[in-house]
Amino acid sequence: VDERFVYACLPPLSARLSTTPPPVMLHHLPRVLPLQLRDDEDQVALLVVAGLALAQWIILRHWIQENREGHTFNARALFEWVPTLTSVSRQSIVSGRMPQAFPGQLGTTRGEERLWRQFWDDGPLDVDVDYLKVEGQRADLSKIRSTAQQPRTHALGMVFYQIDEMMHG
C-alpha cells in the first residue's frame, strides 16, 4: 500500500483529538475528577510528579500496584500544550483550562494552588479541597498523611516537584 494513500485516509490529529473522550489533553484531566465522587465519603487525589520520565513512571506504577492493594488509580498518557514548559503544563493540569486562560502566569508555577481551588469552587460539586506542594522530604509524609486522612478533604491536589527541580538545577 502506498504510504501517501494511508496518510491521506487518516483524519488529521486535531480531528481525532476532538472526538476522543476526555481526558486526552492535560487541561481535560480535572474535569473527570468530580465524576469519581459519588457520596460525601469519597475522596479523589490528583498527584503530579513533575519531571518524571515515562520509564521512571512505569517502575513507580509497578511498585504501587504491587504494594498498595485496595488502592485504585488511573494512569494514562495525555497530550501537553507546550511540552517543554513545566509551568504551562502544571497550571493546565490543576486548572482545567487552556494556557490562554492564564497568559500572565505562563512562566511561573506560583498560581497553581489558587487555580486548583478555583477549579473546584467553579465546579458543580460543593466539596472541600486541599492542595500540597511537596518537596520530597521525609517530613512531607506526615503532612500528606494528615491532609489525606481528613474526612473533610474530598479533593486533594499534590505536586511533587523535587525531580523537576533536580533536572533543572
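Every read-out reported here was derived from the displayed coordinates using simple, explicitly stated rules and does not represent laboratory data. As the structure is a computational prediction, the values presented were derived from the model and not from experiment. No Cβ is skipped: glycine too gets one built from the backbone with ideal geometry, and neighbour counts run over all protein chains shown.
Assign unit charges at the C-beta atoms only (+1 for Lys and Arg, -1 for Asp and Glu), then state the dipole size of the chain relative to its Cα centre in Debye, rounded to the nearest 20. For this selection, approximately 260 debye.
Put simply, when 50-56, 37-43 are sorted by average Cβ atoms within 10 angstrom per residue, most first, you get 50-56, 37-43. Sparsely packed loop sites in the stretch 83-169 (the GluC sites (Glu not before Pro) outside DSSP H, G, I, E and B with at most 16 other Cβ atoms within 10 Å) comprise E135.
Among P103, V159, P22, which residue has its Cα furthest toward the positive end of the charge dipole of the chain, with +1 on Lys/Arg Cβ and -1 on Asp/Glu Cβ? With unit charges placed on the Cβ atoms, the residue in question is P103.
Taking square-rooted eigenvalues a ≥ b ≥ c of the alpha carbon gyration tensor, is the stretch 20-123 rounded, prolate or oblate, where a/c under 1.5 means rounded and, failing that, a/b exceeding b/c means prolate? The shape class here is oblate.
Report the chymotrypsin sites (Phe, Trp or Tyr not before Pro) located in the stretch 67-169 that are in a DSSP loop and have at most 10 other Cβ atoms inside 10 Å of their Cβ, or state none.
Of the chymotrypsin sites (Phe, Trp or Tyr not before Pro), the ones in loops of the stretch 67-169 whose Cβ has at most 10 other Cβ atoms within 10 Å are F73.
Taking the helices alone, the chain has a mean residue ellipticity at 222 nm of -11000 deg cm²/dmol, built from -39,500 (n - 2.57) per DSSP H run of at least 4 residues and averaged over all its residues. In a DSSP loop and with at most 12 other Cβ atoms within 10 Å, the trypsin sites (Lys or Arg not before Pro) in the stretch 136-169 are R138, R152. The stretch 50-111 to the stretch 117-145: how many Å between their Cα centroids? Spelled out, the Cα-based centre of one part sits 15 Å from the other.
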